[in-house]
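Since the structure comes first, as C-alpha cells, the remarks are kept for the end.
Read-outs: derived from the displayed coordinates by stated rules, not from any lab. For clarity, every value in this text was computed on a predicted model and none was experimentally measured. All Cβ positions, even for glycine, are placed from backbone atoms using ideal geometry, and neighbour counts span all protein chains on display.
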Amino acid sequence: MIPFTPEERDETARRLLAALREDERVAAAELSGSGATGYADRWSDVDIVVRAAEGADHRKLADSWVARMYELFPVVYDFRVTFDVEHVRGFLLENFLEVDLGFQPAAGRTDADTWWGPTPKAEAGFAWHDVLHAAIALQRGRHWRASYYLGLLRWRTIQLAAVRHGVDTSEFKGVDDLPDEFLAQLEPAVPHALTTDELTRALRAVIPLFFTQLRTFGTEERELASKLEQRLIAFVDETA
C-alpha cells in the first residue's frame, strides 16, 4: 500500500482547481498552505481556499462539493467542520493524500456560521487527520509536532470513552473516573521519550484503541472503523 507521490498530489491539485474554477458558483479557487508558499515537500497535502461567487451560499456550495469529490477522485472518507465563516471539507483519498477545501463567503461577507460540535463520525475524520500528520511529522524529523498530533488522537479516544460513560472531561476533571481497564489500555499510548521509535510505538498503540471506542456507537461507526483502522495502521507501518 504505497502512499501518494508528489506527482500524484500535484496532478490532483491541478485537476481539482480546474474543476472548481468551472463552477459558476465559485469566484476564486487557489492553493493555500505549503503549496502556496513554496514549502511543499514529499509529504505535503493539498489545501485549497474557495471563495463563493456573489449570491452563492458557501455552505451549500461546500456540501455540493462533497458529492463532486467522490465523483472525481477515489475518496475513502470525508469530514466536515466549520471555523467562523469558513466551511472546511476534508477528504482522504485511496492513496492517503489528504485534500482540504475551505469554502469562504463572497467578498465583503462576514457573517459567521454556527460551529458544528464534535460527533463520533466527525471524530473519525479528525482521527485519520491526526494519524497522517503524526506519521508525516516523524518522517520530517518534527518530533514535537508528532507528539502534538499523537496527543490529539489520545484525547479524542478519551472523549469517546467519556461520552459512553457519562464522564466530564473538561480540564481532565473526570478522566481518572473512567474504567480502570480503559485507562490501562491507554497507558501504552503515552510516549516515554521524544524519539521516532517511541512516538511510533505510542501511535500504533492508540489507533486500535480509538477505533474500539468508535465501534461502540453504532452500525455506521463500526463500518467507518472497518474502513479506516487497517488503512491507517498500514500507513504508519509504510512510513515508519
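Report the Stokes-Einstein translational diffusion coefficient (µm² s⁻¹, integer) for region 6-104, Rh taken as the Kirkwood radius over Cα pairs, at 37 °C with viscosity 0.692 mPa s. Write out the running numbers ahead of the final one.
Working: Rh = 13.5 Å.
D, rounded to a whole number, is 243 µm²/s.
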**Complete:** One would report the Cα pair-distance distribution of the chain, bin width 10 Å, in %, as 7, 29, 34, 22, 7, 0
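Can you figure out the FRET efficiency of Glu22 with Arg80, using R₀ = 35 Å and their beta-carbon distance, to the nearest 0.05? Kindly include the intermediate steps, with their values, before the conclusion.
Working: r = 23 Å, r/R0 = 0.65.
It comes out at approximately 0.95.
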**Request:** Could you rank the peptides 38-45, 49-56, 92-99 by their average count of other C-beta atoms within 10 Å per residue, with the highest value first?
**Result:** 92-99, 49-56, 38-45
**Prompt:** Which net charge results when you count Lys and Arg as +1 and Asp and Glu as -1 among the other residues whose beta-carbon is under 14 Å from that of Leu232?
**Reply:** -3
**Message:** To make sure I understand the rule: partners must be lysines, Cα under 21 Å from the Cα of Lys121, and not fewer than 8 residues away in the same chain. Which ones qualify?
**Reply:** Lys60, Lys227
**Complete:** Rounded to the nearest 5, the percent of antiparallel DSSP beta bridges in the chain equals 75
**Request:** Give me the Debye-computed log₁₀ of I(q)/I(0) at q = 0.10, 0.13, 0.22 Å⁻¹ for region 136-226, equal point scatterers on Cα only, no solvent, two decimals.
**Result:** -0.28, -0.46, -1.08
**Item:** Acute angle (nearest 10 degrees) that the helix 196-215 long axis makes with the longest principal axis of the chain, alpha-carbon atoms
**Value:** 80
**Request:** Assuming R0 = 35 Å, can you tell me the calculated FRET efficiency for the pair Thr216 and Arg140, based on Cβ-Cβ distance, to the nearest 0.05?
**Result:** 0.55
